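Here is the structure we will look at, set down as structure tokens.
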Amino acid sequence: MLQENDQKCIDECLKCMQACNLCYDACLKEDNVKMMASCIRLNRECADICSFAAEVMSRNSEFVKHICGMCVEICQTCGAECDKHKATHCQECAEACHKCAETCQKMIG
């Protein structure tokens, strides 16, 4: 059975994954897609690691702390990139990334 903190972290990872996927899709529709290349790339990386982190937490993997540590780093990087852009989807993604990073950091101690 999952601990309350584990479930909260899983929920934040899934929210972040969704925000990154939405941001990724919206960035591809921006007028200057080239300017958004780094954001798009990081959105994909972040969505993938958040999804994977949620999976390993739900199955109580022995690698949870390692995967969540990577999730913290990638979420912080993606959030910082999205912070640079004024688009609503980027700002919402940045907020989700920062919250996920904070929650994962608390979970791993």
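Residues that are under 20 Å from residue 6 (Cα atoms), modelled with pLDDT under 95 and outside any helix (DSSP H, G or I) do not occur anywhere in segment 64-75.
Quick test of your reading of the structure: residue 74 fulfils all but one of (1) within 14 Å of residue 102 (Cβ to Cβ); (2) loosely packed, with under 13 Cβ neighbours inside 10 Å. Name the failing condition by number. The one condition residue 74 does not meet is (2).
When we screen 53, 80 for residues that are part of a helix (DSSP H, G or I), over 20 Å from residue 26 (Cα atoms) and hydrophobic (A, V, I, L, M, F, W, C), the only hit is 53. Looking at this structure, is residue 15 assigned to a helix (DSSP H, G or I), open to solvent by 20 Å² or more (accessible area, probe 1.4 Å) and under 17 Å from residue 109 (Cα atoms)? Criteria not met by residue 15.
Residue 89 meets all of the listed conditions (1) in contact (Cβ under 8 Å) with a residue 24 or more places away in the chain; (2) not in a helix (DSSP H, G or I) but one, namely (2). The residues listed here are 51, 61; of these, the one that is at pLDDT below 95 and open to solvent by less than 40 Å² (accessible area, probe 1.4 Å) is 61. One residue stands out in segment 1-12 among those that are open to solvent by less than 70 Å² (accessible area, probe 1.4 Å) and more than 14 Å from the chain's Cα centre (by Cα): the one that is nearest to residue 81 (Cα to Cα), namely 6. Every listed requirement among (1) within 18 Å of residue 95 (Cβ to Cβ); (2) touching a residue at least 40 places away in the same chain (Cβ under 8 Å) is met by residue 57 save one, (1).
Looking only at residues that are more than 11 Å from residue 90 (Cβ to Cβ) and touching a residue at least 12 places away in the same chain (Cβ under 8 Å) in segment 19-42, which one is surrounded by the fewest Cβ atoms within 10 Å (Cβ to Cβ)? Among them, the one singled out is 28.
Set side by side, the residues 93, 71, 50, 75 differ, and just one is out of contact with any strand residue (DSSP E or B) (no Cβ under 6 Å at 6 or more places or on another chain) and within 20 Å of residue 34 (Cβ to Cβ), which is 93.
The values are calculated or read from the model by the stated rules, or taken from the named source; none is laboratory data. For clarity, every value in this text was computed on a predicted model and none was experimentally measured. Cβ atoms come from the backbone with ideal geometry, glycine included; neighbour counts cover every protein chain shown. Surface accessibility is based on the protein's heavy atoms, side chains included, excluding ligands, DNA and RNA. Shrake-Rupley method; radii C 1.70, N 1.55, O 1.52, S 1.80 Å.
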